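J.: Dumping the structure here so I can ask a few things about it.
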Amino acid sequence: MIWLDTETYNDAPIKHGTYKYTSTCEPMIVTWAYNDGPVRCWDATAGEPMPADLDYLLDDPSEPISAHAAMFDRNVLRYGLKRDIPITRWRCTMVKAMAHGMPGGLDLLCDILKIPTDLAKHKAGRTLLMLFCKPRPKNSALRRATAKSHPAEWQEFLSYAGADITAMREVDRKLPTWNWRPEDIAMWHLDQVINDRGLCVDVPFAEAAIAAVAREQKRLAKRTQDNTNEAVQSATQRDQMLIHIVKEYGIELPDLQMDTLERRIADLSLPVELRELLAIRLQASSTSTSKYNSLLRGVQPDGRLRGTLQFNGAARTRRPAGRMFQPTNLPRPDLKNDEIDFAIDTILAGAEDLIFPDVMRVARNAVRGAIIAPPGKKLTVADLANIEGREGAWFGGEAWKLQAFMDNDAGIGPDLYVVAYSKAFGVEPEVVIRDKEQGTGLMRQIGKVMELMLQYEGGVGAWVTGAITYGIDLDKLAEVAFPSIPADVLAEAKGMYDWTIKQKRPTFGLSEQVFIVLDSLKRMWRRQQPGIVTLWADLKETAAKAICQPGNTFTCGLLKIRRDAAWLRIQLPSGNALCYPSPRIDDGGGISYMGINNYTKKWQRIGTYGGKFLENICQGFAGDLLRHNWPAIEAAGYEIVLTVYDEDVTETPDTPEFNATALAKLVATVPPYATGLPLSAAGFEAYRYRKG
């Protein structure tokens, strides 16, 4: 094994993307070690050629190369040193750490794994990186620090670079290998091929969208000034806006978050002038349009954006995480695809404000359209249908639900959202279908939110989140659903409401009737899903047993749970495991573990429960299912350029033999370890990326 690390200089910031950065960076230092041998250092700025032994090792096809954040070092060698080493030789300690529920940063890993100070990452390293790897501040007379300008610091920097190798080796030794088997490494290699391939960007459209947003921000600022008599110069000035609203209208708003603005805009008791001002603020504060800037900052001269996916980047589930452009966090469109296509044409023509009253909304909806197929090709896309719902039924042994999926896949039964409502309310599916065809479709919407939001032990809060996500009027929902709810369920829900008030727990701003209806729907869904409800309790109980009895394996349905040393792991049918570092039973019987908190972004103790375990299981297993079919998809000529949760986006020749139907069949191929799990996929072909 060759252990390798590089230090580089570039005027451009790394935040514009690994590929953009490494393609123009200057390699300054290369440190390496062979197996457990001494750490060597090559100062490339000294004018000496690469040492012969390093040159020999890099050329040896039998020797794997390990780096921390290997995508970076691999491309430094590829672009900066003209050494295009095959991807299959590379290993990555950062990806290995993430595969086991650990953070990616080498310094934090050293702290967590308690690596001795003499072996740990150099604590002064960040100061030295800031000194030598970036341009000096604009007010500095010296543009760039070098070995000549800072000789003492440079010697310390060489020592720091070598310390990274020793830290990396020790981290690698202490990490488990459950999710770093040869097949996992091979899948990461394919991920690197996908990242190397990148996305084709419509640069003229992205530039036009940025210009359109800038023009609209100016118009919104002028409207804000007019509506406030110059008291507020821009709708994005939060504090000035809140002060003006109190002074002018006598109304104190807690914040100017999107949900607050939407509720107040819909409040007809407020003055129309205030509602208009809040509507301006809502438009002006849209941040999703900033993704156009990310696209242009990271795109390379060939028009492609690379390095947008981090393998194993999602904590605990091992799903890919988005980088830069954040393709896994694109805004949900609220315009139809033909409307978005028309909007893109108007933005390109610079006429968006003549057609659309809310330009920010249009630009937000069109973000996906900035990803295009290159000339002579098309985007062929397919995604797994309701994969987490299918997995929940499979893991929970809900035979009726699995049958409903299979019937719908075969074209002989209604979709699951129709079935879910009919089961919960005890009506025939035809009633729900007729409501959609002749009425509002609210019954199916209720079924949809029940299925999507309640599987992981959610309650009223999950309902509120689902209503916001899917645009459901909760007052109207309560009015429609209330008469059909059984009396005993209403009584239980009323008891829950009274307990919530007594305990001073949040009611999410809901009226008593709406709260009771939502809690009733939760109870009705759970009555029809006894296998899933039982699985929540079984997961928590089995995990607790495993924590208390290290080294023993416990079976929980299709899963195996055990604790090994500092890790609780839930082994999935695929053979991969969900890993929870430092698990413990807390006071009160709850379970917690150490992880990166999604909100604070800090390494801290995180509480969990049966439903959350199931969510992690379904999301992690969905990633396994999607990745399992990548080699077959690639072999069939569908070149994957992006994966977004349960969706594969591919570039193919613009010919009929490459089509969404064929890709969907490949995506939905059931692996041997998932027998009995009904998979289905659907997709589309387009020249611009869009929501399916």
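The values are calculated or read from the model by the stated rules, or taken from the named source; none is laboratory data. Just so we're clear, the structure is a prediction, and the values are computed from it rather than from any experiment. We place every Cβ from the backbone using ideal geometry, glycine too, and count neighbours over all the protein chains shown. Accessible surface areas use protein heavy atoms only, side chains included; no ligands, DNA or RNA. Shrake-Rupley method; radii C 1.70, N 1.55, O 1.52, S 1.80 Å.
J.: If each DSSP helix of 4+ residues adds -39,500 (n - 2.57) and the sum is divided by the residues in the chain, what number results at 222 nm, nearest 500 deg cm²/dmol? Intermediate results must be reported in sequence, preceding the final value.
T.: Values: 29 runs with 327 residues, N = 692.
The helix-only estimate for the chain comes to -14500 deg cm²/dmol at 222 nm.
J.: In percent, how large is the relative contact order of segment 460-577, given Cα pairs closer than 8 Å and 6 or more residues apart? Display every interim value, and only then the final one.
T.: Values: 101 pairs, mean separation 19.1, N = 118.
Once normalised by length, the contact order is 16 percent.
J.: Hey, got the dipole for the chain? About the Cα centre, +1 on K and R Cβ, -1 on D and E Cβ, debye to the nearest 20?
T.: Working: 83 positive and 86 negative charges, 291 e Å.
My answer is approximately 1400 debye.
J.: Let me ask something else. Roughly how many debye, to the nearest 20, is the charge dipole of segment 508-624 about its Cα centre, given +1 on each Lys and Arg Cβ, -1 on each Asp and Glu Cβ, and no other charges?
T.: Details: 15 positive and 9 negative charges, 33 e Å.
So the dipole magnitude of segment 508-624 works out to roughly 160 debye.
J.: If one takes the longest principal axis of the Cα atoms in the chain, at what angle in degrees, from 0 to 90 and to the nearest 10, does the Cα axis of helix 487-502 lie?
T.: 60
J.: Let me have the relative contact order for the chain, percent, based on Cα pairs under 8 Å that are six or more residues apart. Could the numbers behind the result be given before it?
T.: On the way: 1112 pairs, mean separation 94.2, N = 692.
Answer for the chain is 14 percent.
J.: Can I ask one more? Answer with one residue from Leu679, Ala622, Gly637: the one whose Cα lies farthest towards the positive end of the charge dipole of segment 597-692, charges on Cβ with Lys, Arg +1 and Asp, Glu -1.
T.: Ala622
J.: Then there's this: Taking the Cβ of Gln513 as the center, what net charge do the other residues with Cβ under 13 Å away carry, scoring Lys and Arg +1 and Asp and Glu -1?
T.: On the way: positive: Lys476, Lys494; negative: Asp475, Glu479, Glu512, Asp519.
So the surrounding residues net to -2.
J.: If Lys and Arg each add +1 and Asp and Glu each add -1, what is the summed charge of the other residues whose beta carbon sits under 11 Å from the beta carbon of Lys545? Before the final figure, lay out each step's value.
T.: On the way: positive: Lys540, Arg562, Arg563; negative: Asp538, Glu541.
Counting the neighbours of Lys545, the net charge comes to +1.
J.: Over segment 234-358, what relative contact order in percent results from Cα pairs under 8 Å that are six or more residues apart? Mind dumping the intermediate values first?
T.: Numbers: 81 pairs, mean separation 18.0, N = 125.
It comes to 14 percent, rounded to a whole number.
J.: I would also like to ask the following. Just going by the charge dipole of the chain, with Lys and Arg at +1 and Asp and Glu at -1 on Cβ, which of Trp400, Val649, Gly590 is farthest out on the positive end?
T.: Gly590
J.: For segment 16-119, with all protein chains present and a 1.4 Å probe, just round the carbon and sulfur fraction of the accessible area to a whole percent. The partial results should precede the final answer.
T.: On the way: 2330 of 4290 Å².
Heavy-atom surface of segment 16-119 belonging to carbon and sulfur, 1.4 Å probe: 54 percent.
J.: For segment 382-449 and segment 486-525, what is the separation of their C-alpha centers, rounded to whole Å?
T.: Centre-to-centre distance over Cα atoms comes out at 25 Å.
J.: Could you pull out the chymotrypsin sites (Phe, Trp or Tyr not before Pro) across segment 575-666 that fall in loop regions by DSSP (anything but H, G, I, E, B) with no more than 12 other Cβ atoms inside 10 Å?
T.: Numbers: sites: Tyr593, Tyr599, Trp603, Tyr609, Phe613, Phe621, Tyr638, Tyr645, Phe658; in loops: Tyr599, Tyr609, Tyr638, Tyr645, Phe658.
Loop-located and lightly packed - Tyr599.
J.: What is the angle, in °, between the Cα long axis of helix 460-470 and the longest principal axis of the Cα atoms in the chain? Nearest 10 is fine, range 0 to 90.
T.: Helix 460-470 and the main axis of the chain meet at about 80 degrees.
J.: Out of the trypsin sites (Lys or Arg not before Pro) in segment 301-369, which ones are loop residues according to DSSP with at most 12 other C-beta atoms within 10 Å? The partial results should precede the final answer.
T.: Working: sites: Arg304, Arg306, Arg316, Arg318, Arg323, Lys336, Arg361, Arg364, Arg368; in loops: Arg306, Arg316, Arg318, Arg323, Lys336.
Filter output for segment 301-369: Lys336.
J.: Compute the accessible area per residue over the chain, keeping the other protein chains in place, probe 1.4 Å, unit Å². Write out the running numbers ahead of the final one.
T.: Details: 30460 Å² over 692 residues.
For the chain, the per-residue accessible area is 44 Å².
J.: Once you order the gyration tensor axes a ≥ b ≥ c over the Cα atoms, which shape class does segment 428-505 get: rounded for a/c under 1.5, otherwise prolate or oblate by comparing a/b with b/c?
T.: Values: a/c = 2.17, a/b = 1.57, b/c = 1.38.
Taking the square roots of the gyration eigenvalues as a ≥ b ≥ c, segment 428-505 is prolate.
J.: With the full set of protein chains in place, find how many percent of the accessible area of segment 433-477 is carbon and sulfur; take the probe as 1.4 Å.
T.: Answer for segment 433-477 is 47 percent, counting heavy atoms of protein chains only.
J.: Can you give me the solvent accessible area of Val95 with a 1.4 Å probe, rounded to the nearest 10 Å²?
T.: 0
J.: Also, quick follow-up: Using the Cα centre of the chain as origin and beta-carbon charges of +1 (Lys, Arg) and -1 (Asp, Glu), tell me which of Pro429, Ala363, Pro176 is placed farthest towards the positive end of the dipole.
T.: Pro176
J.: What angle do you read, to the nearest 10 degrees and between 0 and 90, between the alpha-carbon axis of helix 610-628 and the longest principal axis of the chain?
T.: 60
J.: Under 1.5 on a/c is rounded, so check that first for segment 276-328, then, if it is not, pick prolate when a/b is larger than b/c and oblate when it is not; a ≥ b ≥ c are the square roots of the alpha carbon gyration tensor eigenvalues. Provide the component values of the computation, followed by the final result.
T.: Working: a/c = 5.85, a/b = 1.50, b/c = 3.91.
Note, shape of segment 276-328 comes out oblate.
J.: For segment 101-234, give the magnitude of the charge dipole about the Cα centre (Cβ charges: +1 Lys/Arg, -1 Asp/Glu; no others), in debye to the nearest 20.
T.: Details: 20 positive and 17 negative charges, 127 e Å.
Approximately 620 debye in magnitude.
J.: Moving to a separate point now. How about segment 203-242: which GluC sites (Glu not before Pro) there lie in a loop by DSSP and see at most 10 other Cβ atoms within 10 Å? Don't jump to the answer; show the numbers that get you there.
T.: Numbers: sites: Glu207, Glu216, Glu230; in loops: Glu230.
Loop-located and lightly packed - Glu230.
J.: Then there's this: Please report, as a whole percent, how much of the solvent-accessible surface of segment 165-240 comes from carbon and sulfur atoms (probe radius 1.4 Å).
T.: Numbers: 1700 of 3180 Å².
So the carbon and sulfur contribution to the accessible surface is 53 percent.
J.: Find out how many positive minus negative residues lie around Leu77, taking Lys and Arg as positive, Asp and Glu as negative, among other residues whose Cβ is under 9 Å from that of Leu77.
T.: Numbers: positive: Arg74, Arg78, Lys82, Arg83; negative: Asp73, Asp84.
Here the count lands on +2.
J.: Is the shape of segment 538-631 best called rounded, prolate or oblate, per the rule: a/c under 1.5 gives rounded, else a/b larger than b/c gives prolate, else oblate, with a ≥ b ≥ c the square roots of the Cα gyration tensor eigenvalues?
T.: oblate
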